[in-house]
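Trainee: Pasting a structure here, questions to come.
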Amino acid sequence: MSTVTNPTPADQGGLAPDPAVTPTKAAGAKKLPIIFGVMAALLAIVLLRSAHEGDTTFQLSAETDFVTLPDITVPSMLTAWLMVLVCVAVAGESVRRLLAHVRQPAWLPIVFALAWMTGFLSWAAADGRIRVVSLFAGAVALAIPLVFGALGGVLGERAGVVNIAIEGQLLFGAFAAAITASLTGSSLAGLVAAMVAGALIALILGLFAITYFVDQVIVGVVLNVLVVGLTNFLFRQVLTPNADTLNSPERMRAFPIPVLGDIPLIGPILFRQTPLVYLLYIVVALVAYALYRTRWGLRVRAVGEHPKAADTVGIRVNRTRYRTILLAGAIAGLGGAYFSLVSVAGFNREMTGGAGYIALAAVIFGKWDPIRATLAALLFGFASNLQGVLSAIGSPVPSQFMLMLPYLVTIFAVAGLVGRSRPPAADGVPYKQQ
Amino acid sequence: MRLVLRGITKRFGSVVANDSISLTVEPGEIHCLLGENGAGKSTLMNVLYGLYKADEGEIELDGVVQHFTGPGDAMAAGIGMVHQHFMLIPVFTVAENVMLGNESTGFAGTLDLDASRTRVTEISDRFGFHVNPDALVEDLPVGVQQRVEIIKALSRDAELLVFDEPTAVLTPQETDELMDIMRQLKEAGKAIVFITHKLREVRAVADRITVVRLGKVVGEADPRSSNAELASMMVGRPVELTVHKDEPQLGADALVVKDLRVVDPAGHAQVDGLSFTIRAGEVLAVAGVQGNGQTELTEALLGLQDDVTGSIVLDGTELVGKSTRRILDSGVGFIPEDRQVDGLVPGFTIAENLMLNRSFKSPFVKNGGLRIGALREFAQQKLQEYDVRARDIDSLAANLSGGNQQKVVVARELSRDLRLLVAAQPTRGVDVGSIEFIHKQIVATRDSGIPVLVVSTELDEVVALADRIMVLYRGQVVGIVPADTPRETLGLMMTGERPKDLKDVAV
């Protein structure tokens, strides 16, 4: 029977492939060449409309590096136009593959993005220097809270609980980390406190969403507002009057890893960061591994896809969900510590500035997968850092435009430009046992 | 394993779903639990499986009284269940589904997928299931998904297997294969509980039959009993199993479909060049395994498909390209195949559901306002006329049983001046009493001179209602044959083969 090629009979159990899914796949293949075309055209128009003659220098390493790479200086406009040509070529290849009904490989968008970015930067930084290392290292640093937040989101949603409260978990984590680190004088204690604070928010979320079946989106939003109000109040009434004892944590310093940090290009980007970043690498790897390769992960995913099925094989659905979102909250809270222990020393009102929502976007952009969500968060971090770098070298692009980029990318991602984005089937659906 | 249920009572609020049910199942026997939809069979099995907690009574396995707090306990005790709606996770592989909840792990909780694969292959080979452990469940045909459910139960060393309405989603061939599997399991010494309301299947495999009605055991039946005996026991009164209909009084060609092609959003032609004619006062029944273009055909008739070419002419008027509302207003009645999704708004009352196809104009709407009085009167009348068992017309459609829901749909569609009736799976998931009633209504519609298109995957229903039978395979007509064509021929045609000596019947 399994070899029969009959059209799959649809069934009543909802398990047959959803017919609505197939067209999206096909449409996704069509979208790629279109995006390529539009982006290449945009870059060409920008170059035509406002030419910047001069040279652009790409600085690949700092003078203090163990191994110094030479700077690369290129004529701005020529390079930019060359890159437009590369983009057009990639778009052409994509169209060819579309017409030949061949799969679009992953290297196409990667090459395109690299070429586009190089072209754009050499135009934007004409007669200036682009410090490639600090551009990327800064992106990694800015992405820390986004990645932690996104991991918290991925875990929660994989278990079937929509974690809108990432923002609240970040903010409360930042708050708790600042106070605890100030009181104890230990950054480590601050990190632990941030985790506890994040888990606490998750516990409230769970209580309403899992035990009392309240709409998860609403609880999440309310929690975010609550945390903003609470931390604002405490900041004004408690932290500000006692800033010396309660709100002066020591700032976490970068801690270069001996050998790894000396690798040219990669070393300074990835391995001359704060310990929080190294912790991040470990957490990402652990979550990705655990989610797909362990019993715990299998059960978490089962509970988020089809809780009733999980129940019928003896898995305690709600207990699993509680455990998972507590862990998710703790991880998101850890991201909060970035704001008050790494970015600056000390808590400030609403200092997360909506990072939790960008993390949420990274969850969707990353298709509920820990690695992809991390990459999405890194992309958003890159966009944020690019904005800072460009305004520093005085580029012609309005910084407000660059600030929009993470959000623009998100809107397109959520609208399905990046192919099929399918959430866990029971995401946001409370499970009631009879 | 020997199962004894003693005096199981389960109440939901004031409703008694199981009223002191007692049952014994011996190892190596297939014990059929026969009863209508809503008789309490599934509730009983959910109690047995630990999903529900019984209010009274006890469960005994091999002489030991069991106290299940959840399905985990039931499974540990050796009970396996093949659920009506499969309890499989579509995005997991077969191996992952089978191991879930019972995982063998290595260091630090690492999944041992190989162990599960081996287990799946082992069981699959032993019973000839041909299931690939690495296939994603959502990519598998329904029949194979069901085997995964069976493997799941067997991999946990289940000694008692419960099949809850297992054939509801299967094609005739798959049903036959399932029967073989059940016999094999019985040979292997397993105790099997087979829940169904389909008489043919009961008689084919049952060793013993217990009949349940309205939550109570009404008695045991002999597997050699006739269909009529079993049916009357199940329903509680004599039931007509055959549909009585007179010779059709054929009128002029009413519905003429030519070269109809329906292409789905993925670009596949689901209906590929259909041509047929239905005369006034005639039932054309469409037979075929589910998924061979039936859904697309009925939806194209109603203007619900986007990419339709060819022509559909009803009484001289072209329907292709018209909006669904215009088509409805021109007198097409439609009983959709899934009443829960397309037939009813579950959160609306019966009265509100009865006006869904006439929500724009008289008699229920005047100057943009609802004429509540007229609607209530109409609903009241239909409730009686169609024997809808509900508290009153303000009951929510969601709270009705399947049969009563379908009666509401039929009442709504037949209460207008029709010029064509399209009935897709009109009795799927409906109790015997309601089937009888709905079939009578369809025949009455035909006798009043209206052309009727019936689509059904139940061959019995096709044969019972049809004046002519059109067999579809992959969106194309295999043949249009008389209603008295032998079942074997029809079954063959449903697999796309056309007997050499077959002659199409013209109108």
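The values are calculated or read from the model by the stated rules, or taken from the named source; none is laboratory data. No experiment lies behind these values; they were computed from the predicted model shown. Neighbour counts run over all protein chains shown; Cβ positions are idealised from the backbone, glycine included.
Trainee: Can you find a residue in the range B:178-199 that is in a helix (DSSP H, G or I), more than 10 Å from chain A (Cβ to nearest Cβ), touching a strand residue (DSSP E or B) at 6+ places or on another chain (Cβ under 8 Å) and among the β-branched types (V, I, T)?
Mentor: So far as the range B:178-199 goes, no, none of its residues is in a helix (DSSP H, G or I), more than 10 Å from chain A (Cβ to nearest Cβ), touching a strand residue (DSSP E or B) at 6+ places or on another chain (Cβ under 8 Å) and among the β-branched types (V, I, T).
Trainee: Would you check which residues across the range B:67-82 are out of contact with any Leu (no Cβ under 9 Å at 6 or more places or on another chain) and surrounded by fewer than 24 Cβ atoms within 10 Å (Cβ to Cβ) and list them?
Mentor: Of everything in the range B:67-82, those that are out of contact with any Leu (no Cβ under 9 Å at 6 or more places or on another chain) and surrounded by fewer than 24 Cβ atoms within 10 Å (Cβ to Cβ) turn out to be B:H67, B:T69, B:G72, B:D73, B:A76.
Trainee: How many residues does the range B:99-115 hold that are more than 8 Å from every other protein chain (Cβ to nearest Cβ), outside any loop (DSSP other than H, G, I, E, B) and over 38 Å from the mean Cα position of the chain (by Cα)?
Mentor: So the answer is 1.
Trainee: Looking at (1) away from chain A (no Cβ under 14 Å); (2) surrounded by fewer than 23 Cβ atoms within 10 Å (Cβ to Cβ); (3) of a type outside the set (V, I, T), which is the only condition B:L34 fails?
Mentor: (2)
Trainee: Looking only at the range B:351-369, decide whether some residue is on the phi > 0 side of the Ramachandran plot, out of contact with any Phe, Trp or Tyr (no Cβ under 9 Å at 6 or more places or on another chain) and at pLDDT below 90.
Mentor: Within the range B:351-369 (the criterion being on the phi > 0 side of the Ramachandran plot, out of contact with any Phe, Trp or Tyr (no Cβ under 9 Å at 6 or more places or on another chain) and at pLDDT below 90), the answer is yes, since at least one residue qualifies.
Trainee: In the list A:T240, A:T274, A:T245, which residue meets the criterion of being closer than 30 Å to A:L60 by Cα and either more than 14 Å from chain B (Cβ to nearest Cβ) or within 24 Å of the chain's Cα centre (by Cα) (or both)?
Mentor: A:T274 is the lone residue from the list that is closer than 30 Å to A:L60 by Cα and either more than 14 Å from chain B (Cβ to nearest Cβ) or within 24 Å of the chain's Cα centre (by Cα) (or both).
Trainee: Taking the range B:5-50 only, how many residues are more than 21 Å from B:P166 (Cβ to Cβ) and among the hydroxyl-bearing types (S, T, Y)?
Mentor: Count: 5.
Trainee: For the range B:381-398, name all the residues that are within 12 Å of B:N353 (Cβ to Cβ) and within 21 Å of the chain's Cα centre (by Cα).
Mentor: Passing the criteria: B:V388, B:A397, B:A398.
Trainee: Taking B:I327 as the residue in question, decide whether it is assigned to a helix (DSSP H, G or I) and either surrounded by 19 or more Cβ atoms within 10 Å (Cβ to Cβ) or within 30 Å of the chain's Cα centre (by Cα) (or both).
Mentor: So B:I327 passes the test.
Trainee: In this structure, does B:R358 turn out to be touching a helix residue (DSSP H, G or I) at 6+ places or on another chain (Cβ under 9 Å) and not β-branched (V, I, T)?
Mentor: Answer is yes for this residue.
Trainee: Do we have any residue at all in the range A:254-263 that's surrounded by 18 or more Cβ atoms within 10 Å (Cβ to Cβ), modelled with pLDDT under 95 and within 28 Å of A:T180 (Cβ to Cβ)?
Mentor: No: the range A:254-263 contains no residue that is surrounded by 18 or more Cβ atoms within 10 Å (Cβ to Cβ), modelled with pLDDT under 95 and within 28 Å of A:T180 (Cβ to Cβ).
Trainee: Let me ask something else. Among the listed residues B:K382, B:K407, which satisfies the condition of being among the basic types (K, R), closer than 28 Å to B:G291 by Cβ and part of a helix (DSSP H, G or I)?
Mentor: Being among the basic types (K, R), closer than 28 Å to B:G291 by Cβ and part of a helix (DSSP H, G or I) holds for just one of B:K382, B:K407, which is B:K407.
Trainee: If you don't mind, there's one more thing I want to ask. Does at least one position in the range A:290-312 carry a residue that is assigned to a helix (DSSP H, G or I), closer than 20 Å to A:V162 by Cα, within 14 Å of another protein chain (Cβ to nearest Cβ) and polar (S, T, N, Q)?
Mentor: The answer is no; no qualifying residue exists.
Trainee: Another question, if that's okay. Somewhere in the range B:73-95, is a residue facing another protein chain (nearest Cβ under 10 Å), β-branched (V, I, T) and farther than 15 Å from B:A153 by Cβ?
Mentor: Yes.
Trainee: One residue is enough: does the range A:369-379 have a residue meeting the conditions touching a helix residue (DSSP H, G or I) at 6+ places or on another chain (Cβ under 8 Å) and within 14 Å of chain B (Cβ to nearest Cβ)?
Mentor: Checked the range A:369-379: at least one residue is touching a helix residue (DSSP H, G or I) at 6+ places or on another chain (Cβ under 8 Å) and within 14 Å of chain B (Cβ to nearest Cβ).
Trainee: Okay, next question. Strands (runs of 3 or more DSSP E) wholly in the range B:1-73 with at least 3 residues that are touching a strand residue (DSSP E or B) at 6+ places or on another chain (Cβ under 6 Å) - which ones?
Mentor: Passing ranges, in order: B:3-12, B:15-25, B:30-34, B:56-61.
Trainee: Sticking with this structure for a sec: Can A:V284 be described as touching a Ser or Thr at 6+ places or on another chain (Cβ under 7 Å), surrounded by 15 or more Cβ atoms within 10 Å (Cβ to Cβ), modelled with pLDDT of 95 or more and within 14 Å of chain B (Cβ to nearest Cβ)?
Mentor: Spelling it out, it is not the case that A:V284 is touching a Ser or Thr at 6+ places or on another chain (Cβ under 7 Å), surrounded by 15 or more Cβ atoms within 10 Å (Cβ to Cβ), modelled with pLDDT of 95 or more and within 14 Å of chain B (Cβ to nearest Cβ).
Trainee: Moving on to the next point. Go through (1) part of a helix (DSSP H, G or I); (2) under 30 Å from A:T68 (Cβ atoms) and name the single condition A:Q237 misses.
Mentor: Only one criterion in (1) part of a helix (DSSP H, G or I); (2) under 30 Å from A:T68 (Cβ atoms) is unmet by A:Q237, namely (2).
Trainee: Among the residues of the range B:250-267, how many are surrounded by fewer than 16 Cβ atoms within 10 Å (Cβ to Cβ), within 14 Å of chain A (Cβ to nearest Cβ) and either at positive phi or assigned to a strand (DSSP E or B) (or both)?
Mentor: Adding up the residues that qualify gives 1.
Trainee: Separate question: Just to be sure I understand, how many residues within the range A:397-432 are in a loop (DSSP other than H, G, I, E, B) and modelled with pLDDT of 70 or more?
Mentor: 13
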